[in-house]
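The values are calculated or read from the model by the stated rules, or taken from the named source; none is laboratory data. In this text the structure is predicted, and so the values were computed from the model without any measurement. Cβ sites come from the backbone with ideal geometry, for glycine too, and all protein chains shown count toward neighbours.
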Amino acid sequence: MTLVPIPHVKLDLNKLPDLLGRFAWGLQKIATGVLDALAARKVQELATDLMSLAFWHEGMRQEIAQLAEGNATEKVLAGLSDKLEESEAEVLEVVGRLKAARNTWIGRRFTADVAKRLDLLIQLKVGDGYIRDQLARLSRRKLSEANSQEAAYLLREIQRFNDELFALHEIVLNRSERRKAPAPRSGRQAAQPRDTGKKSTAKSNDATRARAAKKKAKR
């Protein structure tokens, strides 16, 4: 087995601080990129969880609309009850993640109004006496006790909830995009001309014309 000698590399100690500085700068850029990627992933997960809380037309809104129109049947009430029960575990899981985000990284990534809006949405969705709780009470009633006015009120509350949720979803994504964009130059910086160290062409032409007029006057 033939051993290959390791070439001798002469290190210039005067360049060592510069090399170490470049190495540290590279590590910092890598770390920043990793952190930005993790933060972006959290924002996407937050946006996905928000959308999963919305009341969609193929969900229980169909049964509520039938109740509001006075077309209540035993099947409609049973369908509403089944959909509430089937979605309960998923809703609570999503709410748990949103509460954890609200209490931790959302306060660092966004302003306090985002956390406040999220807290309100969680309360409207699963709070005692709010939308899902009221829907559960409605679904447990007998057909003769089904109230179309109450169902119509719940439809309006659901629409208000969706409007608040979609607005927060847009805020989260828009503010996240603005954080990634480079900061624009200020108006003063953008308007400031570059100093070339030379006189302007206009001033030079004025001086030339003044000298020519003086010579003409002497003739």
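Condition first: within 27 Å of the chain's Cα centre (by Cα), more than 30 Å from Leu138 (Cβ to Cβ), modelled with pLDDT under 85 and surrounded by 10 or more Cβ atoms within 10 Å (Cβ to Cβ). Can you find one or more residues in the stretch 42-50 that meet it? No, there is no match, as no residue in the stretch 42-50 is within 27 Å of the chain's Cα centre (by Cα), more than 30 Å from Leu138 (Cβ to Cβ), modelled with pLDDT under 85 and surrounded by 10 or more Cβ atoms within 10 Å (Cβ to Cβ).
Scanning the stretch 112-139 for residues that are farther than 17 Å from Glu164 by Cβ and in contact (Cβ under 8 Å) with a residue 60 or more places away in the chain yields Leu135, Leu138, Ser139.
So, in the stretch 139-171, of the ones that are of a type outside the set (Gly, Ala, Ser), more than 23 Å from Leu53 (Cβ to Cβ) and part of a helix (DSSP H, G or I), which residue ends up nearest to the chain's Cα centre (by Cα)? It comes out as Gln149. All conditions but one from (1) surrounded by fewer than 15 Cβ atoms within 10 Å (Cβ to Cβ); (2) part of a helix (DSSP H, G or I) apply to Gly129; the one that does not is (2). For Ala190, the conditions (1) among the hydrophobic types (A, V, I, L, M, F, W, C); (2) in contact with a helix residue (DSSP H, G or I) (Cβ under 8 Å, 6 or more places away or on another chain); (3) modelled with pLDDT under 95 are fulfilled apart from (2).
The conditions of being loosely packed, with under 15 Cβ neighbours inside 10 Å and out of contact with any Ser or Thr (no Cβ under 9 Å at 6 or more places or on another chain) are met by Ala112. Considering only residues that are over 27 Å from Arg141 (Cα atoms) and among the small types (Gly, Ala, Ser), look in the stretch 79-108 and name the one that is farthest from the chain's Cα centre (by Cα). Here the residue is Gly96. Applying the set (1) at pLDDT below 85; (2) more than 15 Å from Val172 (Cβ to Cβ) to Ala68 leaves exactly one unmet item: (1). For the stretch 107-120, the condition of being in a helix (DSSP H, G or I), modelled with pLDDT of 85 or more and of a type in the set (Gly, Ala, Ser) holds for at least one residue.
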